[in-house]
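J.: Starting off with a structure, shown below.
The values are calculated or read from the model by the stated rules, or taken from the named source; none is laboratory data. From a predicted model like this one, the values you see are computed outputs, not experimental measurements. Methodologically, a virtual Cβ is constructed for each residue, glycine included, from the backbone with ideal geometry; neighbour enumeration extends over all protein chains shown.
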Amino acid sequence: MTRRPLVAGNWKMNGLRASVVELEAMIAAYDSHLQARAELLICPPATLLASFPAVAAGSGLAIGAQDCHPAPCGAHTGDISAEMIADAGAGFVILGHSERRADHGETDSLVRLKAEAARRAGLVAIVCVGESEAERDAGRALEIVVGQLAGSIPDGATGADLVVAYEPIWAIGTGRTPSEADIVEMHGAMRAALRERFGAEAEGIRLLYGGSVKPENAGTILKLEDVDGALVGGASLKAASFIAIARAYL
């Protein structure tokens, strides 16, 4: 099965209405040749979810959210449901990012409930997993990540409703990245775990690498075995660097 590469941008808590100029520049650069080689996605903050899908409509560039609540509605002040995200015109949602796990105490079981909510609303869930520096130094990286996969991904997942993003916590925003061998080993272990659980369906689930992805290293990382794209942080805030990463597929 051929998996279409996905280059996703996580804007985190960055971006104002004026940031639409960067989105427009990305759309302008996302020509038919690049569209044929990779799917592009931008996940802006919630304040821009109402406007970005309208700007990107018909361009081929997808828009997603950065989190959702498990429930479809209710008394949950400050939260956004998967149904609200879909209603805004977005098609993806990032779940279980290490910053959500650390800052808000999100557990694997909560991430799993959110992934089920995303499926219910017709969204593609990008479930994030990754080990800390201490866990890697202790030789537990594979154990931690495979455990997070088991706990965070709902039963019945397919390539149509799930993407997995491996982001070693110690590499996010630090400029550091694992070795090529470490990335290949981890992605291979994730693929094997998904095959064991989901059988042939696992072949359609895209595995992204995230953690200080930038134009200078994208050409190497995105060509590694079982790396089906990237989840990009800071480098996704500017069209020039984000498109330069995507062009690694040309």
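J.: Would you point out the residue of segment 75-93, among those that are β-branched (V, I, T) and touching a residue at least 24 places away in the same chain (Cβ under 8 Å), that is nearest to G9 (Cα to Cα)?
T.: My answer is V93.
J.: While we're looking at this one, here's another question. Is there any pair with a first residue in segment 29-47 that is within 15 Å of G89 (Cβ to Cβ) and a second that is in a helix (DSSP H, G or I) and aromatic (F, W, Y) whose Cβ atoms are under 6 Å apart and which are 6 or more apart or on different chains, and what are they?
T.: P44/F52
J.: Collect the residues in segment 194-250 that are on the phi > 0 side of the Ramachandran plot, surrounded by fewer than 21 Cβ atoms within 10 Å (Cβ to Cβ) and in contact with a helix residue (DSSP H, G or I) (Cβ under 7 Å, 6 or more places away or on another chain), keeping them in residue-number order.
T.: Once the filter is applied, which keeps residues that are on the phi > 0 side of the Ramachandran plot, surrounded by fewer than 21 Cβ atoms within 10 Å (Cβ to Cβ) and in contact with a helix residue (DSSP H, G or I) (Cβ under 7 Å, 6 or more places away or on another chain), segment 194-250 yields only D226.
J.: Could you go through segment 141-153 and let me know if any residue there is in a loop (DSSP other than H, G, I, E, B), over 17 Å from the mean Cα position of the chain (by Cα) and closer than 29 Å to I85 by Cβ.
T.: Within segment 141-153, none of the residues are in a loop (DSSP other than H, G, I, E, B), over 17 Å from the mean Cα position of the chain (by Cα) and closer than 29 Å to I85 by Cβ.
J.: I'd like to check something: does segment 23-41 contain any residue that is under 16 Å from F242 (Cβ atoms), among the β-branched types (V, I, T), out of contact with any His (no Cβ under 9 Å at 6 or more places or on another chain) and assigned to a helix (DSSP H, G or I)?
T.: Yes.
J.: Could you please find all residues in segment 1-19 being among the polar types (S, T, N, Q), within 25 Å of G159 (Cβ to Cβ) and surrounded by fewer than 16 Cβ atoms within 10 Å (Cβ to Cβ)?
T.: Answer for segment 1-19, where residues must be among the polar types (S, T, N, Q), within 25 Å of G159 (Cβ to Cβ) and surrounded by fewer than 16 Cβ atoms within 10 Å (Cβ to Cβ): just T2.
J.: Considering each of A202, A248, A230 in turn, give the residue that is of a type outside the set (S, T, Y), in contact with a Leu (Cβ under 9 Å, 6 or more places away or on another chain) and without any contact (Cβ under 8 Å) to a residue 12 or more places away in the chain.
T.: Exactly one of A202, A248, A230 is of a type outside the set (S, T, Y), in contact with a Leu (Cβ under 9 Å, 6 or more places away or on another chain) and without any contact (Cβ under 8 Å) to a residue 12 or more places away in the chain, namely A202.
J.: Under 8 Å by Cβ, and 6 or more places apart or on different chains, what pairs join a residue from segment 108-128 that is on the phi < 0 side of the Ramachandran plot and of a type outside the set (A, V, I, L, M) with one that is surrounded by fewer than 23 Cβ atoms within 10 Å (Cβ to Cβ) and assigned to a strand (DSSP E or B)?
T.: Pairs found: K114/H69.
J.: Of all residues in segment 20-45, which are surrounded by fewer than 18 Cβ atoms within 10 Å (Cβ to Cβ) and either modelled with pLDDT under 95 or among the small types (G, A, S) (or both)?
T.: The answer is A25, A28, A29, S32, A36.
J.: Does segment 155-165 contain at least one residue that is part of a loop (DSSP other than H, G, I, E, B) and over 24 Å from I42 (Cβ atoms)?
T.: yes
J.: Mind checking whether some residue in segment 166-175 is free of Cβ contacts under 8 Å to residues at least 40 places away in the same chain, in a loop (DSSP other than H, G, I, E, B) and at positive phi?
T.: Yes: segment 166-175 contains one or more residues that are free of Cβ contacts under 8 Å to residues at least 40 places away in the same chain, in a loop (DSSP other than H, G, I, E, B) and at positive phi.
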